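Bear in mind that the values in this text are calculations on the coordinates, not laboratory data. None of these values were measured; they are calculated from a predicted model. No Cβ is skipped: glycine too gets one built from the backbone with ideal geometry, and neighbour counts run over all protein chains shown.
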Amino acid sequence: MLDRGLVVILLGPPGVGKGTQGLRLAAVFGWERLVTGDLLRAARQEGTEVGRRAGRYMDEGELVPDDVMVALFEERMAGLPDGPGILLDGFPRTVAQAEALACAFSRPVDAVVLLKASEDVLVRRISGRRSCATCGCIYNIYFDPPGSEGVCDGCGEVLTHREDDTAETVRRRLRVYVEQTEPLIDYYGARGEVLRVDGEGSPDEVQAGLEASLASHFGASA
């Protein structure tokens, strides 16, 4: 079994399944999962200084700057006990954030897990999403379509498609990822910390690949 005290970063482009797999890994290994969006919303709701600073950018629809993001994670990580492991999901996003994290946090990063998938698969995963506003069911017209086109199997309501889930918007988000986040692969790869895992399978298949890769890297049984 893996050491519970590890610090692991989960990397990957939009649509690759970081949210799903992050939840699973945290549950399996008893890790504390820190997610960018969750921390931003919590800090803002609590009215902390960092939350107020982040909120000003969020209200304007702008990206939260590196220094604010680092302060947000530093604040949260400082309050964690030393024992449990930490899974960072969505942070760092840039090399500057990674460098600041290394300086601000006393525990080193033990591994970086990179989930990979082709651009075509990612575009279809995101642009194909359809959801039911009534019961919350989510479908994908390419991979998991409803029984009747455009209608929820659970409650019969008409499914909706988010305006920002178009193929064009997804490809634009992927370009931002390539420009801002992919350099992290070289940054951590130079330290031998990057584990590459195929993210194109089913959730169960991807989880099995993640656990096997981590177990092999740390010489443990998953």
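For Cα extents along the principal axes in Å, the value computed from the atomic coordinates appears in the list (1) 43, 36, 35; (2) 53, 44, 31; (3) 50, 41, 32 under label (2). In terms of its C-alpha gyration tensor, segment 173-222 has an oblate overall shape, because the principal axis ratio a/c (a ≥ b ≥ c, square roots of the eigenvalues) is not below 1.5 and a/b does not outweigh b/c.
If you add up the charges near Arg175, with Lys and Arg at +1 and Asp and Glu at -1, over every other residue whose beta carbon is less than 12 angstrom from its beta carbon, what do you get?
On the way: positive: Arg171, Arg172, Arg173; negative: Glu119, Glu168, Glu179, Glu182.
Surrounding charge for Arg175 is -1.
Label 7 Å along Cα→Cβ of Ala104; segment 8-41 residues with amide nitrogen under 16 Å? Label zone hits: 34-41.
Judged by the mean number of other Cβ atoms found within 10 Å, the most tightly packed of the peptides 197-206, 19-28 leads the ranking 19-28, 197-206. For Cys137, nonlocal amide neighbours, meaning residues 5 or more places apart or on other chains whose placed amide H falls under 5 Å from its own, are Cys132.
With the cut-off at 1.5 for a/c, could you classify segment 107-151 from its C-alpha gyration tensor as rounded, prolate or oblate?
Values: a/c = 4.51, a/b = 2.05, b/c = 2.20.
Oblate is the answer for segment 107-151, as a/c is 1.5 or above yet b/c matches or exceeds a/b.
Neighbours of Val151 by Cβ distance under 15 Å: Lys/Arg scored +1, Asp/Glu scored -1, total -3.
Normalised by the empirical 2.2 N^0.38 Å for globular proteins, what value does the Cα Rg of segment 1-118 take? Mind showing how you got there, number by number?
Numbers: Rg = 14.1 Å, N = 118, 2.2 N^0.38 = 13.5 Å.
Here the Cα radius of gyration is 1.05 times the empirical estimate.
The stretch between Ala212 and Cys135 holds 24.2 nm of extra length on full extension. This uses 0.36 nm per residue minus the Cα-Cα distance.
By per-residue mean of other Cβ atoms within 10 Å, what is the highest-first order of 125-134, 95-104? Walk me through the numbers on the way to the answer.
Details: 125-134: 18.5, 95-104: 15.9.
Descending mean neighbour count gives 125-134, 95-104.
Our coupling estimate for segment 184-191, obtained by passing each phi through the Karplus curve with A = 6.51, B = -1.76, C = 1.60 and θ = phi - 60°, is 5, 5, 5, 4, 7, x, 5, 9 Hz, Gly and Pro reported as x.
Separation of segment 178-218 and segment 116-154, taken as the distance between their Cα centroids, equals 25 angstrom. Here's how it looks for Arg33: its modeled amide H is under 5 Å from those of Leu87, which are all 5 or more places away or on a different chain.
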